[in-house]
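Read the structure below first, then the notes.
The values are calculated or read from the model by the stated rules, or taken from the named source; none is laboratory data. None of the values given here were measured: they were computed from a predicted structure. Quick reminder, even Gly has a Cβ in these numbers, built from the backbone with ideal geometry, and neighbours come from all protein chains shown. Keep in mind that these areas ignore ligands, DNA and RNA; they rest on the heavy atoms of the full protein, side chains included. Shrake-Rupley method; radii C 1.70, N 1.55, O 1.52, S 1.80 Å.
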Amino acid sequence: MIQTQQQLTNFLNAIKTDTHLAIDTEFKRIDTFYPILCLVQIATQSAVDCIDILAIENLEPLFDKLYQKDSIWIVHAARQDIEALYYLSKRLPSQLFDTQIAAHFLNHPAQISYQNLTEILQGVLLDKAYTRLDWTTRPLPEEAIEYALDDVRYLIKNYSQLIEQLTQEQKLDWLMADGLELSNINLYLPNLDQAWKKVKGLSRLPKSVHQKAAHLAAWRESQAIDNNKPRKWIMSDDQLINYSLNKTKMSDQDKTIFSEFLSQQVQLTQQHIKIDTHQAPSKSENKQKNELQILIKKIAVQYNLDEAIIANGKTLMKFIRSDQSVNFFTGWRYHILKEELENAKQS
C-alpha cells in the first residue's frame, strides 16, 4: 500500500505511459454529508496498488494522472467513486467506461455487482468479507488491502471482454453516450432547488403544502452541508412531512433559523415547485402502456437488451401523459424506437 509521497511518485512514474486505468475507491460515509475518501486502488496492464489517501498530504500528482485527457477510467458502478474523488479534486474524468452499465447493455442484470460479473466473465469467486469495513481504520489488515486490490485486479480483463462483445453487437457508442451522463457536474454539486426530490412520500402530499415542503428540504440540505452531517440526521423525512402538514410544530428557534434561511434564498421563494402527485393510471393509459411494453420487449429481444434499459414502466407512463423529458426521445433509444413511437401516437 502506498503511504508516502515518494511511494506515490514512484508508482505514478511506473504507470506514466498507461492510459487505461482500472479504478476503485474505499470511503466512509456514515456520519458525514460528504464521503471521506480513504483508499484509491489503481490497476493497469503493468501495475496494481492502492493509495492511502489519509496518509498522503499532496494528492495533486495523483489527480494530474487521473484527470489527464488521455486517461480512460475503467470503473464498476462509477458514480460514487467519481463523487468521492470529485470532492477532493474538484475534477471529473475525461473518458469513462463503466463495466456495470456495459454489462447491462449485454443483457446482464441492471445492478450486477463487480463480484458477480467477475465470476461470470473470469470464473473467479471474490471474497466479500470486508464489504462493511470502516476504511478509516489504521493500520488496515493485510487481508483488507488484498480485498481492496481485488476490486481492480480483474477490471481490465472484464473491460476487454465487455468491449469486444459491445463492438460485435454495435453497442459501444450507446454505452459511451450513456456513460457521458456520469460526467455531468450537476450530479455532484449540492442543489438546494432540487433537494425536495430526496424526500420520500412528497408526491402524496396535497399541492397546498408542496412549496413549504420544498423549502424545508432545501433548509435541511443546507444544514447538512454546513454541518457535514447526513441530511436525515438533521431532519428525517417523516419529520419534514409532519412539519409541512403542521402535524408537528417547529420550535421557536428553528422557526427563526428557517425564516432567516428563506430570506437569504430569494430563488427558492420565487421558484414554482412542481411535484408530480401520485395519480393512478386510467384503463386507457394502462392499455396503452401494456401495448408499448409488448413493443419494447420485442425490440429488446431483437437487440439482445434488457427491456428496462430502453424504458421502464414509470418512463412509459410519462410518455403517455405527454412528458417530453423522457430519455427515449433522444439518442440511441429514439433511433431504435422512433417508428414504434410514431405509430403509438397515431393509434
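Which one of these is open to solvent by less than 60 Å² (accessible area, probe 1.4 Å) and over 20 Å from the mean Cα position of the chain (by Cα): 147, 87, 114, 188?
Checking each option against the conditions leaves just 147.
Is it the case that the range 152-174 has a residue that's in contact with a helix residue (DSSP H, G or I) (Cβ under 7 Å, 6 or more places away or on another chain), under 30 Å from residue 336 (Cα atoms) and not in a helix (DSSP H, G or I)?
yes
Quick check: anything in the range 209-220 of a type outside the set (Ser, Thr, Tyr), free of Cβ contacts under 8 Å to residues at least 24 places away in the same chain, closer than 30 Å to residue 312 by Cα and surrounded by 13 or more Cβ atoms within 10 Å (Cβ to Cβ)?
Yes: one or more hits.
Taking into account only those residues within the range 228-263 that are among the polar types (S, T, N, Q), in a loop (DSSP other than H, G, I, E, B) and without any contact (Cβ under 8 Å) to a residue 12 or more places away in the chain, which is most open to solvent (accessible area, probe 1.4 Å)?
Selected residue: 246.
Return yes when residue 167 is farther than 26 Å from residue 33 by Cβ and open to solvent by less than 70 Å² (accessible area, probe 1.4 Å) and no when it is not.
Judged against the criteria, residue 167 is not a match.
Could you please let me know if residue 315 is among the hydroxyl-bearing types (Ser, Thr, Tyr), under 30 Å from residue 110 (Cα atoms) and either open to solvent by less than 40 Å² (accessible area, probe 1.4 Å) or modelled with pLDDT under 90 (or both)?
Judged against the criteria, residue 315 is a match.
Working only within the range 3-29, note down all residues that are without any contact (Cβ under 8 Å) to a residue 40 or more places away in the chain and farther than 24 Å from residue 99 by Cα.
If the condition is that a residue be without any contact (Cβ under 8 Å) to a residue 40 or more places away in the chain and farther than 24 Å from residue 99 by Cα, then 6, 7, 10, 13, 14 are the ones that fit.
Residue-by-condition table, conditions (1) out of contact with any helix residue (DSSP H, G or I) (no Cβ under 6 Å at 6 or more places or on another chain); (2) assigned to a loop (DSSP other than H, G, I, E, B); (3) crowded, with 21+ Cβ neighbours inside 10 Å; (4) not hydrophobic (A, V, I, L, M, F, W, C):
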| site | (1), (2), (3), (4) |
| --- | --- |
| 7 | yes, no, no, yes |
| 12 | no, no, no, no |
| 23 | yes, no, yes, no |
| 27 | no, no, yes, no |
| 32 | yes, yes, no, yes |
| 39 | no, no, yes, no |
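Would you say residue 127 is under 30 Å from residue 17 (Cα atoms), open to solvent by 70 Å² or more (accessible area, probe 1.4 Å) and either modelled with pLDDT of 95 or more or of a type in the set (D, E, K, R) (or both)?
no
For residue 200, which of the numbered conditions (1) assigned to a helix (DSSP H, G or I); (2) farther than 26 Å from residue 264 by Cβ fails to hold?
Unmet condition: (1).
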